[in-house]
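Below: one structure, written as structure tokens.
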Amino acid sequence: MNRPALAFLLAALAADAGCHDRSRCAAGIKPTVELRDGSGALTLALKGDDVCDSHDKRVATLAAKADGVTLKDPAGNVRLDLTRESDTVAQGRDRQGPHLRLYRDAHEFRVLRPDGVPLGSVVPEGSGGTIFSPASSPLARVYQRDRDAVVTDMSGTAVTYVVPAAKAPPAGVFGVPSLELAEQLAIYMFWSR
């Protein structure tokens, strides 16, 4: 190959390399956490800071900070910024302002709207817990299963698997209604710290 053709080829390869998504969502990259539906199919995976869907496409980023975590959409816009205010309370903001509040103590994990209206809660019981609706009715359960957590409906049918999960109660957030899956993942990672 002559020099001008080689130079053109190298320039084209360099330009093409700049266009590729630099996400870690490629197949074969080991995730930190996987979320799977009741049949075991992958729904989301956290690979580094990238939140990846079942098609290995980056749908968000999730970055830890000293006092919380920040979830951003692929364009870099804040979807949920969780900041610890005390040992028990955290505030969550999105681009429009206050989005939700979190409360956690030894007896309960609660997700609330910014005005304090509950979205749901998880009450730890042994190595698992019960997930409650905003009206405090039992909705689901969460169990530790080896290194994983499984969220089931009240009849025991698996709804979500969290692979791996060090403790089951924080994984109960995947049974709290009215939250997007990526938001649930951000809350789970915040509560698991």
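Accessible surface for His107 stands near 140 Å², nearest 10, in the context of the full protein assembly shown (1.4 Å probe).
Rg/Rh for region 119-193 stands at 0.92; both radii use Cα atoms, and Rh follows the Kirkwood definition. Using the Cβ-Cβ distance between Glu108 and Val78 with R0 = 30 Å, the FRET efficiency computed as 1/(1 + (r/R0)^6) comes to roughly 0.65. Its Cα centre serving as origin, the chain has a Cβ charge dipole (Lys and Arg +1, Asp and Glu -1) of approximately 400 debye. Largest first, the residues Phe132, Phe174 sort by 1.4 Å accessible area into Phe132, Phe174. Using a probe of 1.4 Å, the accessible surface attributed to Ser155 totals some 100 Å² when neighbouring protein chains are kept in position.
Summarising the label geometry, the points placed 7 Å from Cα in the beta-carbon direction at Met154 and Lys30 lie 4.1 nm from one another.
Structure remark: mean-square fluctuation, Gaussian network model of the chain, C-alpha springs under 10 Å; the largest value among Ala41, Ala165, Ala66 belongs to Ala66.
To the nearest ten degrees, helix 3-19 and the longest principal axis of the Cα atoms of the chain are 10 degrees apart. The long axis of helix 181-191 is offset from the longest Cα principal axis of the chain by roughly 70 degrees. Each part gets one Cα centre, and for region 28-69 versus region 128-193 those centres are 16 Å apart.
GNM remark for the chain: springs join alpha carbons under 10 Å apart, and the peak mean-square fluctuation among Ala60, Ala168, Ala27 falls on Ala27. For semi-axes √(5λ) of the Cα gyration tensor in Å, the candidate list reads (1) 31, 21, 19; (2) 24, 23, 14; (3) 37, 20, 13; the entry that matches the value derived from this model is (3).
Starting from the Cα-Cα distance between Lys65 and Val89, subtract it from 0.36 nm times their residue separation and give me the gain in nm to one decimal. My answer for the length gained is 7.0 nm.
Which residues among region 119-161 fall inside the zone where the amide N is under 17 Å from a point 7 Å beyond the Cα of Lys167, along Cα→Cβ? Only 121-131, 142-150 fall inside the zone, counting backbone N under 17 Å. With contacts taken as Cα pairs under 8 Å at a separation of at least 6 residues, the chain carries a relative contact order of 14 percent.
Express as a percent, rounded to the nearest 5, the fraction of DSSP beta bridges in region 26-96 (both residues included) that run antiparallel. Before the final figure, lay out each step's value.
Numbers: 25 of 25 bridges.
Expressed as a percentage, antiparallel bridges in region 26-96 total about 100.
The values are calculated or read from the model by the stated rules, or taken from the named source; none is laboratory data. Since this is a predicted model, take the numbers as computed values, not measurements. With ideal geometry, Cβ positions are generated from the backbone for all residues, glycine too; neighbour counts draw on all protein chains shown. Accessible surface is based on the protein model in full, side chains and every heavy atom, while ligands, DNA and RNA are left aside. Shrake-Rupley method; radii C 1.70, N 1.55, O 1.52, S 1.80 Å.
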